[in-house]
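Q: Handing you this structure, nothing more for now.
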Amino acid sequence: MIDESDFLKTPQSALDPDPRTKYLVLQDNLSRHIRQVTLVDQHELISTFTLNPNVPEEVSIHFETAKNLYLYSWFVFRFYPVAEQQALTTLEYALRLGCPEFVKEQSDNNRFKNEPGLKKLIKHAGKTGKIKNELFPSRFEWASQRAKARFRYLKFNEMIDSELIEMELDDSDVEPSDDDLNHDWIKDFIDQMPGLRNDLAHGSPALHHTVIHTFDVVRSMINMLFPEAKEK
């Protein structure tokens, strides 16, 4: 039985929040106060992902469409994976425009004249230095998240070994290691993003709202492909 929230909305309910949005909350880092997420929060978050002025107009339009889909997920929860798919499509579009010689070479050498897919494009952009691990603005945050995830995993195993039923965790002092800071994020994206894009493009039952990381990665890669002109 399809849930009522997944049916076409009526004109009267079109601007009502999706019932599932009421379960989204935010926690203030200082006060630890938890409150419900609002549409203003949704807009403020997605509006921070901007592209450089010299990114091709058609790529920027693609990305703005993805951002609008994310914003309107407030009203239709199943727009979240659609927004993620649009963001990944925008990345592939940008990579094709940013690596025209590679695209032509791959197409000319293919009997069916097919252009390279997302995996080959990301790999080429990384190999030629068009995208670099050290240029991702969020890499320190990702390294910190990686370190904290490892800390929680070790503590979980410690609970099992000690046969404890509860344990208080404080990861506020956990610092990323050199391995965390020097992690090859591009390799991760080569391994994961094409499969994710294909799943979304070919139909998937997956439903999650945590797609902001994808927007972060896509925005960063596109800006590396089309960097702001340096002042003379």
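Q: Residue under question is Pro137, and the condition is that it be in a loop (DSSP other than H, G, I, E, B) and surrounded by 14 or more Cβ atoms within 10 Å (Cβ to Cβ); does it hold?
A: In short, no.
Q: Just to verify a result, which residue in the stretch 145-171, among those that are assigned to a loop (DSSP other than H, G, I, E, B) and touching a helix residue (DSSP H, G or I) at 6+ places or on another chain (Cβ under 9 Å), is nearest to Leu121 (Cα to Cα)?
A: Asp171
Q: Scanning for something over 20 Å from the mean Cα position of the chain (by Cα), under 28 Å from Pro137 (Cα atoms) and of a type outside the set (S, T, N, Q), does the stretch 4-24 turn up at least one residue?
A: no
Q: Give the residues of the stretch 213-228 that are over 10 Å from Ser138 (Cβ atoms), of a type outside the set (D, E, K, R) and out of contact with any helix residue (DSSP H, G or I) (no Cβ under 7 Å at 6 or more places or on another chain), sorted by residue number.
A: Selection gives Asn223, Pro227.
Q: Continuing with this model, one more query. Take the stretch 175-203 and flag every residue that is closer than 22 Å to Arg139 by Cβ and over 18 Å from the mean Cα position of the chain (by Cα).
A: Result: Glu175, Pro176, Ser177, Asp178, Asp179, Asp180, Leu181, Asn182.
Q: Inside the stretch 4-20, can you point out the residues that are in contact with a Ser or Thr (Cβ under 8 Å, 6 or more places away or on another chain) and assigned to a helix (DSSP H, G or I)?
A: If the condition is that a residue be in contact with a Ser or Thr (Cβ under 8 Å, 6 or more places away or on another chain) and assigned to a helix (DSSP H, G or I), then Pro19, Arg20 are the ones that fit.
Residues checked against (1) at pLDDT 95 or above; (2) of a type in the set (A, V, I, L, M):
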{"position": "Phe102", "(1), (2)": "yes, no"}
{"position": "Asn109", "(1), (2)": "no, no"}
{"position": "Lys120", "(1), (2)": "yes, no"}
{"position": "Leu169", "(1), (2)": "no, yes"}
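Okay, residues lined up against (1) in a helix (DSSP H, G or I); (2) surrounded by 14 or more Cβ atoms within 10 Å (Cβ to Cβ); (3) at pLDDT below 95; (4) basic (Lys, Arg):
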residue: Val40; (1), (2), (3), (4): yes, no, no, no
residue: Leu51; (1), (2), (3), (4): no, yes, no, no
residue: Ser60; (1), (2), (3), (4): yes, yes, no, no
residue: Ala66; (1), (2), (3), (4): yes, yes, no, no
residue: Leu69; (1), (2), (3), (4): yes, yes, no, no
residue: Val76; (1), (2), (3), (4): no, yes, no, no
residue: Ala83; (1), (2), (3), (4): yes, yes, no, no
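Q: Considering Phe215, Phe226, which residue is more than 18 Å from the chain's Cα centre (by Cα) and in contact (Cβ under 8 Å) with a residue 40 or more places away in the chain?
A: After ruling out the rest, the residue left standing is Phe226.
Q: Report, by residue number, each residue of the stretch 6-38 that is β-branched (Val, Ile, Thr) and either under 22 Å from Leu207 (Cβ atoms) or modelled with pLDDT of 95 or more (or both).
A: Of everything in the stretch 6-38, those that are β-branched (Val, Ile, Thr) and either under 22 Å from Leu207 (Cβ atoms) or modelled with pLDDT of 95 or more (or both) turn out to be Thr10, Thr21, Val25, Val37, Thr38.
The values are calculated or read from the model by the stated rules, or taken from the named source; none is laboratory data. Note that the coordinates shown come from a computational prediction; the quantities given were computed from them, not determined experimentally. A quick note on method: Cβ atoms are made from the backbone with ideal geometry, for glycine too, and the neighbour counts reach across all protein chains shown.
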